[in-house]
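A.B. asks: One structure follows; several queries about it will come next.
Coordinate-derived values only; no laboratory data. Not measured: the values here are computed from a predicted model. Note that we place each Cβ from the backbone using ideal geometry, even for glycine, and neighbour counts take in every protein chain shown.
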Amino acid sequence: MPAKNYLLNLFSKELYEKLSPSFKEVFFETGVVLHYPSETIEQVYFPLNCLVSVTISMNNGATAETALLGKHEVVGINAVLSKRPTTTQTTYMVQQEGSVLKIDAKVLRQEFNQSQELRDVLLDYTQALIAQVSQTAACNSLHPLEQRFARWLLEVRSRSESNDLKITQEFIAHMLGVRRAGVTQAAQKFKEKGLIRYGRGHIQIIDQQGLESSACECFSCLRKEYNRLLGGRQDLVL
Amino acid sequence: MSEKINQTILLVESDDETRPLLQANLRGWGYQVIATVDEKDAIAHTSHVGGQIDLILINQVGFTIEDYINVGLRIQRSLNLLPTPVIIMAEGFSEELEGRTIQVGKNEYVIYMEDAEQLITLLKELLLR
């Protein structure tokens with residue numbers, strides 16, 4: 001059994017063995033776009049150690065992240081749930097390089113239609129994803145930048161299992177939909193509190209508990225909801 | 001980090017999310033801060049303390065660097081602040097520029113911030129020399 005994607009770990013041995021010939025491990029570099037708006041989603045990806053940002057761009061070029069997908073998620077669930085396998089407004093971009101298990105969307109959809117077990121896992125996951133998108137929408141409207149930034153770092157950390165994040169402040173600003181200067185000043189506050197170290201293209205989390213105290217409630221709310229929906233064998237978020 | 005410097009920075013920052021963070025950090029570094037939203041607000045709120053402003057710090061939001069240098073010069077003139085240093089914090093620049101500070105006039109600087117330490121260093125250099 002694969003150990004790195006939580007959803008795959010929820011599959012029974014029989015289900016995984018049935019699908020495993022269709023899985024192919026692929027490595028993606030940072031910046032690769034897996035889906036542009038209106039493209040047909042032909043592949044579904046189970047991230048092992050890479051992170052994918054789901055973003056929406058506005059007509060004026062402003063961008064914001066609406067969901068973060070990693071080892072707790074699957075990329076391209078739309079193509080399994082719907083006979084219209086696309087989205088017209090979202091982009092899926094690799095934000096932290098790493099590997100995924102790739103499977104043909106049609107193969108997974110076919111099995112989805114036949115297997116109650118697969119439906120249970122993927123529909124529970126879909127509910128968790130809706131929870132994430134909903135929480136992010138409320139968070140972006142109601143919480144100050146400093147708290148959102150702390151939450152975002154914790155979400156990234158929980159999916160990458162690393163305190164060392166290769167990430168630029170420019171990128172973070174795009175994901176949070178804020179000015180770069182705001183990210184720089186928030187990062188400085190965290191640095192002065194001893195929560196992170198940062199330099200060009202790199203952030204190191206050195207006090208996770210302190211960062212949790214600086215984050216809004218959204219990180220713990222979402223962790224609770226993910227564990228309620230997908231937990232059972234183990235908690236998802238470390 | 002904080003030490004009593006007794007120097008006043010006029011901050012012009014139109015972004016409502018960045019302004020309080022920048023203001024808090026500047027105060028934490030020991031500076032007094034007059035936080036304003038734009039050129040008009042800066043002139044209106046500081047006309048009575050003109051001579052007490054030691055530096056003008058402007059964040060680039062939307063317009064060109066040149067536009068913001070002109071904003072800084074107009075604020076200087078209207079408040080009789082010459083030769084007060086003006087720093088423009090650039091937004092949306094290339095990796096090659098990151099970490100650089102470029103002097104673009106006698107007292108005007110553009111900072112392409114890699115991190116806030118770069119701003120702290122420039123403030124110290126301009127205000128304590």
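A.B. asks: Taking the Cα centre as origin and putting +1 on Lys and Arg beta-carbons and -1 on Asp and Glu beta-carbons, what dipole magnitude results for the protein assembly as shown, to the nearest 20 debye?
C.D. replies: Values: 37 positive and 45 negative charges, 89 e Å.
I would put it at about 420 debye.
A.B. asks: OK, next. Apply the Karplus parameterisation 6.51 cos²θ - 1.76 cosθ + 1.60, with θ equal to phi minus 60°, to every residue of the stretch A:45-51 and state each ³J(HN,Hα) to the nearest whole Hz, in sequence, with x for glycine and proline.
C.D. replies: My calculation for the stretch A:45-51 gives 10, 9, x, 9, 9, 10, 10 Hz in order.
A.B. asks: Where in the stretch A:108-178 are there GluC sites (Glu not before Pro) that are in a DSSP coil and have at most 13 other Cβ atoms within 10 angstrom of their Cβ?
C.D. replies: Details: sites: A:Glu111, A:Glu117, A:Glu146, A:Glu155, A:Glu161, A:Glu170; in loops: A:Glu161.
Of the GluC sites (Glu not before Pro), the ones in loops of the stretch A:108-178 whose Cβ has at most 13 other Cβ atoms within 10 Å are A:Glu161.
A.B. asks: Considering every residue in B:109-115, what mean count of other chain Cβ atoms within 10 Å of its Cβ is obtained? Don't jump to the answer; show the numbers that get you there.
C.D. replies: Working: counts 0, 0, 0, 0, 6, 6, 8.
So the per-residue partner count for this stretch is 3.
A.B. asks: Share of antiparallel DSSP beta bridges in chain B, in percent to the nearest 5?
C.D. replies: Details: 3 of 20 bridges.
About 15 percent, rounded to the nearest 5.
A.B. asks: Sum up the charges of everything whose Cβ sits under 14 Å from the Cβ of A:Gln114, counting Lys and Arg as +1 and Asp and Glu as -1, but leave A:Gln114 out.
C.D. replies: On the way: positive: A:Lys18, A:Lys106, A:Arg109, A:Arg119; negative: A:Glu14, A:Glu111, A:Glu117, A:Asp120.
Around A:Gln114, the surrounding residues sum to 0.
A.B. asks: With Kirkwood's inverse mean 1/r over C-alpha pairs for Rh, give me the Rg to Rh ratio of chain B, two decimals please. All intermediate terms of the calculation are to be shown ahead of the outcome.
C.D. replies: On the way: Rg = 13.5 Å, Rh = 14.6 Å.
Radius of gyration relative to Kirkwood radius: 0.92.
A.B. asks: Nearest 20 debye, what's the magnitude of the dipole of the stretch A:144-215 about its Cα centre given +1 on Lys and Arg Cβ and -1 on Asp and Glu Cβ? The partial results should precede the final answer.
C.D. replies: Numbers: 12 positive and 8 negative charges, 45 e Å.
Here the stretch A:144-215 has a charge dipole of around 220 debye.
A.B. asks: While we're looking at this one, here's another question. Please name whichever of A:Gly61, A:Phe27, A:Thr40 sits farthest to the positive end of the charge dipole of the stretch A:6-111, dipole taken about the Cα centre and charges placed at Cβ: Lys and Arg +1, Asp and Glu -1.
C.D. replies: After comparing all options, I get A:Thr40.
A.B. asks: Something else now. Roughly what % antiparallel, to the nearest 5, for the DSSP beta bridges in the protein assembly as shown?
C.D. replies: Details: 34 of 51 bridges.
Here the antiparallel bridges make up roughly 65 percent for the protein assembly as shown.
A.B. asks: Here is a follow-up. Identify which of A:Glu225, A:Glu65, A:Glu17 has the largest mean-square fluctuation in a Gaussian network model of chain A, with springs joining Cα atoms closer than 10 Å.
C.D. replies: It is A:Glu17.
A.B. asks: Suppose only helical runs count, i.e. DSSP H with n ≥ 4. What mean residue ellipticity at 222 nm does that imply for chain B under -39500 (n - 2.57) per run, divided by all residues and rounded to the nearest 500 deg cm²/dmol? Provide the component values of the computation, followed by the final result.
C.D. replies: On the way: 4 runs with 46 residues, N = 129.
Computed mean residue ellipticity for chain B: -11000 deg cm²/dmol.
A.B. asks: Still on this model: How many angstrom lie between the C-alpha centres of the stretch A:204-222 and the stretch B:12-49?
C.D. replies: 29
A.B. asks: Still on this structure, please answer the following. Find the centroid of the Cα atoms in the stretch A:1-36 and in the stretch A:62-118, then give the distance between the two in whole Å.
C.D. replies: About 11 Å separates the Cα centre of the stretch A:1-36 from the one of the stretch A:62-118.
A.B. asks: Taking the convex hull of the Cα atoms, report for the stretch A:1-159 its projected area averaged over all directions, in nm². Could you put the intermediate results ahead of the total?
C.D. replies: Numbers: hull surface 37.0 nm².
It is 9.3 nm².
A.B. asks: When ranked by the protection proxy of mean other Cβ atoms within 10 Å per residue, highest first, what sequence do the peptides A:192-204, A:75-87 form? Don't jump to the answer; show the numbers that get you there.
C.D. replies: Working: A:192-204: 15.8, A:75-87: 18.0.
The most tightly packed comes first, giving A:75-87, A:192-204.
A.B. asks: If you take the Cα Rg of the protein assembly as shown and divide it by 2.2 N^0.38 Å, with N the number of residues, what do you get?
C.D. replies: 1.15
A.B. asks: Please compute the average number of Cβ atoms from other chains found within 10 Å of each residue's Cβ in peptide A:11-17. Write out the running numbers ahead of the final one.
C.D. replies: On the way: counts 0, 0, 0, 0, 0, 0, 0.
For peptide A:11-17, the averaged partner shielding equals 0.
A.B. asks: Residue by residue through B:56-66, how many Cβ atoms from other chains fall within 10 Å of the Cβ on average?
C.D. replies: On the way: counts 0, 0, 0, 5, 3, 2, 0, 0, 0, 0, 0.
Across B:56-66, the average partner-chain Cβ count within 10 Å equals 1.
A.B. asks: Is there a quick way to get the dipole size of chain B? I mean about its Cα centre, with the Cβ of Lys and Arg at +1 and of Asp and Glu at -1; what is the value in debye to the nearest 20?
C.D. replies: Details: 10 positive and 20 negative charges, 159 e Å.
Using Cβ point charges on Lys, Arg, Asp and Glu, chain B gives about 760 debye.
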